[in-house]
2 protein chains.
Amino acid sequence: MTAKNIDKSTEEKIITAARKVFTEKGYAATRTRDIAEVAGINLALLNYYFRSKEKLFDLIMMENLHQFMAVVKEIVNDQNTSLDKKLESIAANYIDLLTEQPNLPLFILTEMRHHPQKLVMNMDVKKTLQGSALMKQLAIAAKEGKGVAQHPLHLIMNLMGMIIFPFIASPILLAIGDINDNEFKQLMLERKKLIPIWIKAILKTS
Amino acid sequence: MTAKNIDKSTEEKIITAARKVFTEKGYAATRTRDIAEVAGINLALLNYYFRSKEKLFDLIMMENLHQFMAVVKEIVNDQNTSLDKKLESIAANYIDLLTEQPNLPLFILTEMRHHPQKLVMNMDVKKTLQGSALMKQLAIAAKEGKGVAQHPLHLIMNLMGMIIFPFIASPILLAIGDINDNEFKQLMLERKKLIPIWIKAILKTS
DNA sequence: GTCTATATTCTGATAGAC
DNA sequence: GTCTATCAGAATATAGAC
């Protein structure tokens, strides 16, 4: 039981522990015993509160998906901000989020692939993006480029790839670049400013 | 037992099945029974040939790492090709590889995080890249830009992110873009040409 | 609500016949 | 080499005392 657990209800302790363990190790590699231990409670209590490993996992999965979507939801449909501002907000907010929770993307991408049944998210992200202010602004920007407009998905792939990939691949990147965790965080800070610039440079090539 | 298994030795059948199941589901979610079933043989035979789940996994892990590294190894240290050509080769070769084996990156990134002990690769990729012809050419290109040279890791992150991320996130991207598998492959084909162009545009902003 | 003890199911691995 | 049957241990879940 860590200091964080003081003053928390048992249910909250279990959820906090489950969030940590599931998000780090994924569903299959997680044992309910690990969660109970991290929560500082007995294994039986976990089932008393949540009935099963799967039900507890579903809760964490929803939480994580929601957290991941929240960043983009509030930005994408703002009619009053420019494309530039939107790119800056998305990059900055995601990098802040992932710096705090670096395991989030690998968790979501892995579990989404392994349990496509649980994919409430697809429709969610689809609804959020399709016909949004951002997509319209992207289409306009693409046309203002040199010539052939690229498929808007290319932009999404580039933007999200540049933001998310470093966190997914951080162990390799730390090794390649001979840098430590703090230097990595510093690079991510730089990327908050750089990614929007790079994306705009890319838009001009189309 | 699929058609592919005809004319294969038992050992090869098991390896082929293990490659498929491990790479799709990861170590923890894979049951040796699944592998045996896909191989069309009995569970006992698996242990007869490979002694344990872990030993069989280690083999597949090595295979996959090797396959993933092979692409970059032969390109990165070629003294006779320009930076442009190297970028083009890396993008084209990786996109070809990942179109055939879309689960490769998620497998490697996940298992690498969960079993850092098995990380023969870190030193491997490090050795391959550090001081390579590619890194020198990148450093030169960065200096020829507008002003402040960025950390070379930024370029690696951007290049690999743009190449790999779409394959990792393909389920979401298919949903967002309302496209099917073939349209996705078409987009990936386009990216073979586009990514080098985009990377060069990014280099000019630094 | 919380614990200990136990039931139940699953899974990796082996024994032994052929 | 290959199979069936089975074991041993692990992991989820529950029973029942407090």
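Just so it is clear, none of the values below were taken in a lab; they were calculated from the coordinates. Since the structure is predicted, the reported quantities are computational estimates derived from the model, not experimental observations. So basically every Cβ, Gly included, is an ideal-geometry build from the backbone, and we count neighbours across all protein chains shown.
Descriptive notes on the structure:
- Per-copy distances of the A:Asn182 label point, shortest first, in nm (7 angstrom along Cα→Cβ): 5.6
- Filtered GluC sites (Glu not before Pro), segment B:73-174: DSSP coil and at most 11 other beta carbons within 10 Å: B:Glu144
- Here the dipole of chain B is about 540 debye; that uses its Cα centre as origin and unit charges on the Cβ of Lys and Arg (positive) and Asp and Glu (negative).
- Shown here is the pair-distance distribution of the protein assembly as shown: with all Cα-Cα distances grouped in 20 Å bins from zero up to the longest one, the shares run 24, 56, 20, 0 percent.
- Where only alpha carbons of segment A:1-97 are counted, the Rg and the Dmax (Å): 17.3, 53
- Converting the Cα gyration tensor eigenvalues of segment B:149-198 into ellipsoid dimensions via √(5λ) gives semi-axes, longest first, of 24, 12, 7 Å.
- Placing unit charges on the Cβ atoms of the charged side chains and taking the dipole of segment B:60-203 about its Cα centre, the candidate lying farthest along the positive direction among B:Thr99, B:Thr110, B:Val72 is B:Val72.
- Annotation: segment B:70-132 has a Kirkwood hydrodynamic radius of 13.1 angstrom, from the mean reciprocal C-alpha pair distance.
- Annotation: for a label point projected 7 angstrom from Cα along Cα→Cβ of B:Lys118, residues of segment A:23-44 with backbone N closer than 19 Å are A:24-31.
- Both radii come from the Cα set of chain B: Rg as radius of gyration, Rh as Kirkwood radius; their ratio Rg/Rh reads 1.04.
- Available extension along the chain between B:Tyr49 and B:Gln79 is 6.5 nm, counting 0.36 nm per residue and deducting the alpha carbon span.
- Distances between copies of A:Gln117, taken at a point 7 Å out from Cα along the Cα→Cβ vector and listed shortest first: 3.3 nm.
- For segment A:1-51, alpha-carbon Rg relative to the globular expectation (2.2 N^0.38 Å, N residues): 1.02
- Helix A:133-143 and the long axis of chain A differ in direction by around 40°, with both axes built from C-alpha atoms.
- Copy-to-copy label separations for A:Met62, where each label sits 7 Å from Cα toward Cβ, in nm and ascending: 4.6
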